[in-house]
1. How large is the dipole of region 150-202 about the Cα centre if only Lys and Arg carry +1 and Asp and Glu carry -1, each at its Cβ, rounded to the nearest 20 debye?
2. Where only protein heavy atoms count, and the probe is 1.4 Å, what is the accessible area per residue for the chain in Å²?
3. Compute the relative contact order of the chain as a whole-number percentage, counting only Cα pairs closer than 8 Å that sit 6 or more residues apart in sequence.
4. Once the Cα atoms of helix 113-124 and of the chain are each reduced to a long axis, what angle between those two axes, in degrees from 0 to 90 to the nearest 10, is obtained?
5. Please report the antiparallel percentage of DSSP beta bridges with both residues in the chain, rounded to the nearest 5.
6. So what J values fall out for region 85-100 if you push phi through Karplus, 6.51 cos²θ - 1.76 cosθ + 1.60 with θ = phi - 60°, rounded to Hz, Gly and Pro as x?
7. Which of rounded, prolate or oblate describes the chain when judged by the alpha-carbon gyration tensor and an a/c cut-off of 1.5?
8. In deg cm²/dmol and to the nearest 500, what is the mean residue ellipticity at 222 nm of the chain if only DSSP H runs of at least 4 residues count, each as -39500 (n - 2.57), divided by the residue total?
Amino acid sequence: MIVRHWMTTDVVTTTKEASVQDALKLMKRHSIRHLPVVEADGTLVGWVTDADLRSVLIASMLEELSVEDVMVRRPITVSPDDSLETAAQRTLENRIGGLPVVEGHKLVGVITVVDILSAFISMLGLMQSSSRLDVKLAGPSQSLDGVTRLLQDKGAEIISVCYVQPTVGDEAVYSFRIKKCPMDPIIGSLKEEGIEVVSAEA
């Protein structure tokens, strides 16, 4: 999954000459919290958030402050062909709510934390009618491939599989999201194979 498939392309932008008040009004009108700052040719020159603008609102009433006075001049960006994981890591590491998406120096979109979260929820199948099954694999005789084959033999349609990072000394746990189906036969077969079912959600 790449940024291009989840970013917003109909982007509301501002210019560096715009006043702080005008930029805030623009955000309020479009219910957004981030504004890319661009030149007339679409070149990205900055990035400003509602928090940035509100922090200087009173000062801007006493003197003429523009977006250029407040904006981040070298914002953290992503490319439309970057992975969603890359976008997620950059937002998390830098504790920011969104990223401008650029090709070269031109703005082509914006991706926010909400966009990234929506993508991962979709990828995990959480919005579908589904069941969850968490299993613990211990020893060389138990494998992810073996559990997958058992589920398929029982007619389960796998939507996604997540690896849950174990704490020190624990065995690996895998969380399966499968299309809604009777769980008891699956759980019974897993237990017969000696595979521990940590939890199940029908």
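The values are calculated or read from the model by the stated rules, or taken from the named source; none is laboratory data. Note that this is a predicted model, so its numbers are computed, not measured. Methodologically, a virtual Cβ is constructed for each residue, glycine included, from the backbone with ideal geometry; neighbour enumeration extends over all protein chains shown. For the accessible areas, the whole protein counts, side chains as well, though only heavy atoms, and no ligand, DNA or RNA atoms are used. Shrake-Rupley method; radii C 1.70, N 1.55, O 1.52, S 1.80 Å.
1. Approximately 280 debye in magnitude.
2. 59 Å²
3. So the answer I get is 18 percent.
4. With both axes taken from Cα atoms, the answer is about 20 degrees.
5. That works out to approximately 95 percent antiparallel.
6. 4, 4, 4, 5, 4, 5, 5, 5, 4, 9, 6, 10, x, x, 9, x
7. Prolate shape, in that a/c is at least 1.5 and a/b is the bigger ratio.
8. -9500 deg cm²/dmol
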